[in-house]
Amino acid sequence: PPLLLRDGFESQMVKSPSFSGASETVAKTPPQAVQPSPSLSKFFGDPASTNSLASDFFDSFTTSTFISVSNPNAGSSAPENLSSLSTAGGERSPGAAEPSHSPGMEKSEAGVSTASLEISQSPKPFSQIQAVFAGSEDPFATALSMSETDRRSDAWLPGEATRDILISVATQQYSTVFVDKESLTMPGLKFDNIQGDAVKDLMLRFLGERAAAKRQVLHAESVEQTFVGLRQLISCKNWRAAVDLCGRLLTAHGQGYGKSGLPTSHTADSLQLWFVRLALLVKLGLFQNAEMEFEAFGNLDQPDLYYEYYPHVYPGRRGSMVPFSMRILHAELQQYLGNPQEALDRLHRVKAVCSKILTNLEQGLAEDGTMSSITPENRQASIQLWGSRLGRVMCSMANCLLLMKDYVLAVDAYHAAIQHCPEQEPQLLSGIGRIFLQIGDIKTAEKYFQDVEKVTQKLDGLQGKTMVLMNRAFLHLGQNNFAEAHRFFTEILRIDPTNAVANNNAAVCLLYLGKLKDSLRQLEAMVQQDPKHSLHESVLFNLTTMYELESSRSMQKKQALLEAVAGKEGDSFNTQCLKLA
């Protein structure tokens with residue numbers, strides 16, 4: 001492996017669209033009386049960039065609160081404050097997901113929605129009914145707007161066997177109690193606690209008990225046992241504690257440890273909790289654990305994952321409870337387990353459904369292919385949403401192909417993504433250029449970077465300038481022209497002093513120019529001036545490597561970095577970058 005990590009050149013820096021997927025734009029609805037339950041569909045920005053608010057991780061796939069389905073497995077021993085997973089929210093921002101990145105595409109080039117969600121305890125069912133009429137001058141128009149947003153986001157095409165069961169339930173040919181168990185999902189926790197703190201363990205080993213006692217991180221039991229507490233843990237990067245809290249909330253819903261294989265009922269919120277838990281496990285690198293818990297959900301097409309399966313709870317509501325991002329995660333997980341071909345197969349199935357839904361909309365039908373009178377505005381919003389979702393699937397397929405080193409097909413997939421997400425053309429063209437840089441085709445990379453400059457001429461502001469300068473810097477890096485690369489990285493820092501990618505790469509250029517002291521000073525200044533945002537693992541890896549080159553006192557300097565990390569980072573921090581073990 002190379003001595004130092006350079007953002008933008010290592011294949012392992014391929015970002016997964018389940019955490020930074022193509023933009024999804026959903027029509028914004030006014031605050032409604034029946035309030036949204038939150039979703040955690042977009043996750044975890046690159047720590048090298050700004051530390052986003054927890055609200056950035058929420059983009060809601062549901063807009064109406066649910067009335068909890070009583071589960072046969074829900075134990076009466078659950079604490080009072082865990083008995084309901086319902087939440088109600090204030091005004092919702094359907095957060096725009098970050099564009100998919102090819103290797104090394106920095107987050108500073110992507111816009112992220114930062115509107116916040118205020119979540120309170122769900123009102124009782126009767127007060128919900130009263131609130132419908134209290135919250136709007138025209139309650140019927142409000143309800144219609146809600147149902148349009150629900151229909152657009154929840155739409156999915158079930159398989160033939162699942163469709164037959166849903167039709168039978170809808171026409172009351174037989175009750176859901178007679179549905180074969182083999183056709184249903186019966187999930188449960190496979191393990192109950194993964195809490196731990198590697199940073200504190202290192203402090204005990206190298207700094208002693210007194211220093212370790214100063215390390216304070218949030219635990220699952222120290223926050224509110226609701227989505228509010230879950231957001232709090234994620235925003236503090238306490239992802240292990242967040243996994244544990246998801247488990248507690250699912251246990252209260254009757255899907256806890258030891259409940260796998262037992263009959264259960266799903267709600268919109270329980271599926272969101274499963275998605276959050278599984279996404280956190282993948283983010284923590286616990287792929288086998290995620291695979292174990294995903295197994296009960298099969299191919300995410302079982303009838304009990306659809307609203308139509310619960311006609312008394314969701315009267316008149318159609319579509320799937322499964323968040324779209326959960327489908328992407330289900331497919332992508334296989335590539336992390338060493339089965340990229342299976343990941344591609346699953347992504348192709350998701351792509352086929354998205355394409356069919358788009359075709360239905362363009363032919364004047366509803367998403368599910370039925371005759372429906374959708375207004376032109378709502379039809380256009382649906383086409384935009386499903387086009388962006390199809391682009392997101394294409395980006396995910398491209399990343400999978402990159403992992404398989406099939407560069408030709410990967411580039412084709414990125415071009416297809418541009419067709420569906422034209423607003424992301426500069427970022428995707430930059431990514432394609434960097435693929436060619438990685439395989440040593442400098443001329444083709446330069447051509448793509450020139451195309452980016454033509455497209456960004458129409459853009460105003462910092463983002464376009466930063467993108468162009470970053471591409472020029474990477475082009476010089478690919479030619480081993482470190483002096484010119486450093487000049488462009490420095491120019492980026494002049495207009496955007498907080499750009500961690502440019503700062504880190506400028507320091508690497510100084511090192512290769514033989515200026516070790518200057519390189520160290522640049523990285524140390526970056527970490528000291530803004531530790532909250534600059535304690536990125538690749539930055540710290542570079543810094544500890546330079547300490548080893550520069551001084552025999554590297555161990556003491558690494559321990560000082562450990563103390564800085566202890567004060568700012570949560571339980572999910574990867575301590576391997578400190579090179580202390």
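The values are calculated or read from the model by the stated rules, or taken from the named source; none is laboratory data. Only a predicted model underlies this, so the values are computations on that prediction, with no experimental measurement involved. We place every Cβ from the backbone using ideal geometry, glycine too, and count neighbours over all the protein chains shown. Just so you know, the surface numbers come from the protein's heavy atoms only, side chains and all, with ligands and any DNA or RNA stripped out. Shrake-Rupley method; radii C 1.70, N 1.55, O 1.52, S 1.80 Å.
Report whether or not Lys443 is open to solvent by 40 Å² or more (accessible area, probe 1.4 Å), in the same structural domain as Ile383 (by the TED database) and of a type in the set (Lys, Arg). Criteria not met by Lys443. Has region 253-267 got any residue that is assigned to a helix (DSSP H, G or I) and buried (at least 24 other Cβ atoms within 10 Å of the Cβ)? No, the conditions are met nowhere in region 253-267. No other residue among Leu361, Leu365, Leu337 is surrounded by fewer than 18 Cβ atoms within 10 Å (Cβ to Cβ) and either touching a Phe, Trp or Tyr at 6+ places or on another chain (Cβ under 9 Å) or modelled with pLDDT of 95 or more (or both) apart from Leu337. Checked against the criterion of being open to solvent by less than 30 Å² (accessible area, probe 1.4 Å), closer than 28 Å to Cys354 by Cα, in a helix (DSSP H, G or I) and in contact (Cβ under 8 Å) with a residue 40 or more places away in the chain, region 418-426 has at least one qualifying residue.
Candidates are the residues of region 453-491 that are farther than 21 Å from Gln438 by Cα and of a type in the set (Val, Ile, Thr); the one that is most open to solvent (accessible area, probe 1.4 Å) is Thr490. If I filter region 244-252 for residues that are touching a strand residue (DSSP E or B) at 6+ places or on another chain (Cβ under 8 Å), open to solvent by 40 Å² or more (accessible area, probe 1.4 Å), under 22 Å from Glu291 (Cα atoms) and touching a residue at least 12 places away in the same chain (Cβ under 8 Å), do I get at least one hit? Yes, region 244-252 contains a residue that is touching a strand residue (DSSP E or B) at 6+ places or on another chain (Cβ under 8 Å), open to solvent by 40 Å² or more (accessible area, probe 1.4 Å), under 22 Å from Glu291 (Cα atoms) and touching a residue at least 12 places away in the same chain (Cβ under 8 Å).
Pairs linking a residue in region 342-355 that is free of Cβ contacts under 8 Å to residues at least 40 places away in the same chain to a residue that is surrounded by fewer than 22 Cβ atoms within 10 Å (Cβ to Cβ), with Cβ atoms under 6 Å and 6 or more positions apart or on different chains, are Glu342/Gln334. Among the numbered criteria (1) in contact (Cβ under 8 Å) with a residue 40 or more places away in the chain; (2) part of a helix (DSSP H, G or I), which single criterion is violated by Ser572? Result: Ser572 fails condition (2) only.
Selection of first residues in region 187-206 that are basic (Lys, Arg) and of second residues that are open to solvent by less than 20 Å² (accessible area, probe 1.4 Å) and not in a loop (DSSP other than H, G, I, E, B), restricted to Cβ pairs under 7 Å at least 6 apart or on distinct chains, gives the following pairs, ordered by first then second residue: Lys190/Glu293; Lys200/Ala212. Applying a threshold of 6 Å to beta carbon distances and a minimum spacing of six or more residues, or different chains, the list of pairs starting in region 483-507 at a residue that is without any contact (Cβ under 8 Å) to a residue 60 or more places away in the chain and ending at one that is open to solvent by less than 50 Å² (accessible area, probe 1.4 Å) and of a type in the set (Ser, Thr, Tyr) reads Ile492/Thr466; Ala507/Ser519. Filtered by the rule that a residue be in contact with a Leu (Cβ under 9 Å, 6 or more places away or on another chain), of a type in the set (S, T, N, Q) and outside any helix (DSSP H, G or I), region 491-550 gives a lone residue, Asn499. Somewhere in region 456-468, is a residue part of a helix (DSSP H, G or I) and within 22 Å of Tyr336 (Cα to Cα)? No - not one qualifying residue is present in region 456-468. Output yes when any residue across region 308-328 is over 25 Å from Phe287 (Cα atoms), open to solvent by 30 Å² or more (accessible area, probe 1.4 Å) and under 23 Å from the mean Cα position of the chain (by Cα), and no when none is. Checked region 308-328: no residue is over 25 Å from Phe287 (Cα atoms), open to solvent by 30 Å² or more (accessible area, probe 1.4 Å) and under 23 Å from the mean Cα position of the chain (by Cα).
All of (1) open to solvent by 10 Å² or more (accessible area, probe 1.4 Å); (2) touching an Asp or Glu at 6+ places or on another chain (Cβ under 9 Å) hold for Gly298 with one exception: (2). Of the residues Ser572, Ser552, Ser519, the single one that is within 27 Å of Glu209 (Cα to Cα) and crowded, with 23+ Cβ neighbours inside 10 Å is Ser572.
Residue-by-condition table, conditions (1) assigned by the TED database to the domain that holds Arg152; (2) touching a Gly at 6+ places or on another chain (Cβ under 9 Å):
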position	(1), (2)
Glu308	yes, yes
Tyr314	yes, no
Arg327	no, no
Asn339	no, no
His348	no, no
Ala352	no, no
Ser382	no, no
Gly387	no, no
Ala416	no, yes
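Checked across region 398-412, the condition of being part of a helix (DSSP H, G or I), of a type in the set (Val, Ile, Thr) and more than 23 Å from Gln479 (Cβ to Cβ) holds for at least one residue. Evaluating Phe436 against the criteria (1) aromatic (Phe, Trp, Tyr); (2) under 21 Å from the mean Cα position of the chain (by Cα); (3) not assigned by the TED database to the domain that holds Ser355 leaves one unmet condition, (2). Of all the criteria given as (1) open to solvent by 10 Å² or more (accessible area, probe 1.4 Å); (2) closer than 30 Å to Arg317 by Cα; (3) not basic (Lys, Arg), the one not satisfied by Glu224 is (2).
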